[in-house]
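Data first, discussion second: the structure below is written as structure tokens.
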Amino acid sequence: MEGDDRQKLPGSPVLNVVVDSEADGARLTPGSPGAASGSGVLKYAVPDSRKIGVTGAVFLILNKMIGTGIFSTPSSIFAATGSVGICLLLWAAAGILTLSGLSVYLSFGLAIPRSGGEKNYLERVFRQPRYLATSVFAVQIILLGFSAGNSLAFGRYVLLAGGRESPDGWAARGIAIACVTFVAVLHSTLPQWGLRLTNALGIFKVGVLLVIVFAGFAALAGHRLVPDPHNFDNPWAIEKGDGYGGGGAYAYATAMLQVVYSYKGWENANYVLGELKNPRRTLAIAAPIAVVGVTILYVLANVAYFAAIPKGDLAKSEVIVAGLFFKNVFGESAAARSLPAFVALSNIGNVLAVSFAHARVNQELAKEGILPYSQFWASNRPFNTPSASMLLHWIVTVIVLVAPPPGAAYNFIVNLYTYPGAWINAFVGGGLIYLQLKKSENWTSPWHTPIVVSVVYVLLNAFLAITPFIPPNSAWNADGYPYYAFPLVGLGILLFGGVYWALWTKLWPRLGGYVVTVERGVDESGAEVVRYKKVPIQQAAASRES
């Protein structure tokens with residue numbers, strides 16, 4: 001069924017708490033309650049001059065995908081697997097996972113061209129109980145959709161560029177807070193300049209990756225300042241000993257999560273479809289270009305690393321793997337010393353893209369009254385931008401930056417950032433399979449995803465969701481916390497979404513004696529209008545009976 005018309009399906013009840021009239025194609029005309037100005041009415045209209053075209057959408061995806069991951073995670077991934085061949089295979093498998101996920105999201109996004117991403121897709125599939133899936137997604141995206149990882153990486157690499165040998169601690173966190181604050185203020189007050197900076201940094205970071213790729217080709221040809229590491233002589237050999245994991249299925253699962261973290265962001269344009277020019281056409285062109293391009297660059301960048309860095313050095317290089325690569329190829333040159341500054345710029349580009357998209361998702365959730373104080377978080381005042389939702393994203397990011405100690409606890413947060421998404425993605429992929437097989441759903445989309453692609457996507461995400469619970473062969477606390485800590489906490493956050501749903505739809509309305517209704521539509525100018533109203537329970541029951 002094309003579009004989000006869940007309320008028109010037989011047996012789909014209207015939830016007492018929220019009335020979403022936009023799903024029924026409602027239009028608010030002058031003089032109607034929703035079109036009047038005053039308390040409780042919010043209008044949303046994105047000027048055409050601010051809408052994003054194909055180029056902007058490509059860089060919105062690129063900037064979220066290319067952050068610090070490709071410059072740092074290859075070390076921990078290789079250390080976990082101990083094999084050049086398996087390591088490259090994981091990067092290729094993550095590329096397949098990403099491309100299969102892209103196809104699934106294109107099917108949904110082109111059929112439901114609204115901002116919000118997975119929120120809309122889960123609502124379309126899981127309609128009973130209504131808003132349960134939305135509540136679970138809301139808790140996950142708000143609590144875990146932070147920009148802390150790349151903000152902190154920005155702080156660390158700025159200190160590295162300044163000559164600090166141990167760029168950790170409160171100095172890096174202070175710079176990280178300044179980074180995310182700058183981004184939040186820029187997107188809130190000067191959104192066009194925020195997008196221009198995003199595009200410029202996207203071009204820059206692609207250029208940095210191309211330098212690494214071509215330098216890798218030169219290293220394969222013998223142009224390097226270190227002896228040939230012979231990493232490709234026996235690529236499937238598994239190294240053991242100091243610096244290597246050997247954790248069995250658990251090690252491969254966590255390594256895969258690290259790879260997925262590096263690829264994360266391919267769905268970014270789906271979150272802001274409401275702000276794309278001709279959203280169906282723009283998404284269908286921009287998303288494949290960005291994802292295929294990044295996948296190729298990632299695999300070739302890893303080949304470059306193995307061409308110039310000995311295995312032992314790579315396994316222990318931690319977050320400075322790209323710096324070690326430049327040193328081995330270019331020496332202690334200006335290019336090698338400037339790499340931390342290059343990576344820092346890549347990080348802030350990621351923060352720009354993540355903050356822009358997640359603020360829009362937060363606003364979509366607030367528009368339906370799902371968040372406490374929804375009218376505030378949904379507001380576009382005073383700059384006609386989602387500045388309040390940007391503030392919510394900023395608050396969560398700063399808390400994550402300040403709360404945990406450095407080291408293992410922060411690595412725990414990186415895994416936690418990625419893990420619950422595997423469950424969400426599996427349900428989205430399974431939902432598409434259901435819609436395609438269930439004829440009564442009348443599902444159609446301009447983009448067709450073969451069922452086998454959806455099945456691959458579901459299975460790969462199921463692997464990521466289940467295997468972290470398998471005990472590793474090494475010590476259970478090798479990372480400074482029990483191996484089951486981050487998957488258990490991740491599941492706990494998803495379950496908390498169910499608890500929040502029960503509070504929001506059942507307990508709070510009964511205690512307050514009223515329900516909050518949200519009427520959504522568009523006025524004659526085409527601007528989206530949302531009106532919040534408190535309705536006594538008796539009045540709401542009487543209106544349903546009539």
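Name the long-range amide H neighbours of Leu276: under 5 Å, sequence gap of 5 or more, or other chain; modelled H, no Pro or chain starts.
Residues meeting the criterion, in which the H sits 1.01 Å from N, are Ile52.
Work out from phi, with θ = phi - 60° and the Karplus expression 6.51 cos²θ - 1.76 cosθ + 1.60, the ³J(HN,Hα) of each residue of region 287-303, listed in order in whole Hz, and give x for Gly and Pro.
4, x, 4, 5, 5, 5, x, 5, 4, 4, 5, 5, 5, 5, 5, 5, 4
Taking a point 7 angstrom from the Cα of Ala93 along the C-beta vector, which residues in region 218-242 have backbone N less than 15 Å away?
The answer is 236, whose backbone nitrogens lie closer than 15 Å to the label point.
So which of Lys64/Lys438; Lys119/Lys438; Lys51/Lys119; Lys277/Lys367; Lys205/Lys316; Lys64/Lys311 end up more than 27 Å apart, counting from Cα to Cα?
Lys64/Lys438; Lys64/Lys311
For Ser440 and Asp233 in the same chain, what is the full-extension length gain: residue separation times 0.36 nm, less their Cα-Cα distance, in nm?
Full extension from Ser440 to Asp233 adds 68.9 nm.
Stretch Thr55-Val185 to full length: gain in nm at 0.36 nm per residue minus the Cα-Cα span?
That works out to 44.4 nm of additional length.
When ranked by the protection proxy of mean other Cβ atoms within 10 Å per residue, highest first, what sequence do the peptides 378-390, 115-127 form?
115-127, 378-390
Under the rule a/c < 1.5 gives rounded, and otherwise a/b versus b/c splits prolate from oblate, where does region 148-224 land using the Cα gyration tensor?
Verdict is oblate for region 148-224.
With a/c under 1.5 counting as rounded, go ahead and sort region 348-390 into rounded, prolate or oblate using the C-alpha gyration tensor (a ≥ b ≥ c being the square roots of the eigenvalues; past the cut-off, prolate if a/b is larger than b/c, else oblate).
Taking the square roots of the gyration eigenvalues as a ≥ b ≥ c, region 348-390 is oblate.
Quick one: pull the percent of accessible area on region 94-216 belonging to carbon and sulfur, 1.4 Å probe, ligands and nucleic acids left out.
Result for region 94-216: 73 percent of the exposed heavy-atom area is carbon or sulfur.
Placing +1 at every Lys and Arg Cβ and -1 at every Asp and Glu Cβ, with all other atoms neutral, what dipole size does region 346-474 have around its Cα centre, in debye to the nearest 20?
140
Sort region 427-472 into rounded, prolate or oblate with this rule: let a ≥ b ≥ c be the square roots of the eigenvalues of the Cα gyration tensor; rounded if a/c is under 1.5, and if a/c is not under 1.5, prolate when a/b is larger than b/c, oblate otherwise.
prolate
Report the extension gain between Glu332 and Lys240 in nm, rounded to one decimal, defined as 0.36 nm multiplied by the number of residues separating them, less their alpha carbon distance.
30.1 nm
The values are calculated or read from the model by the stated rules, or taken from the named source; none is laboratory data. Here the structure is a predicted model, which means the values were calculated and not measured. Every residue, glycine as well, gets a Cβ built from its backbone with ideal geometry; the counts of neighbours run over all protein chains shown. In case anyone asks, the SASA skips ligands and DNA or RNA and just uses the protein heavy atoms, side chains included. Shrake-Rupley method; radii C 1.70, N 1.55, O 1.52, S 1.80 Å.
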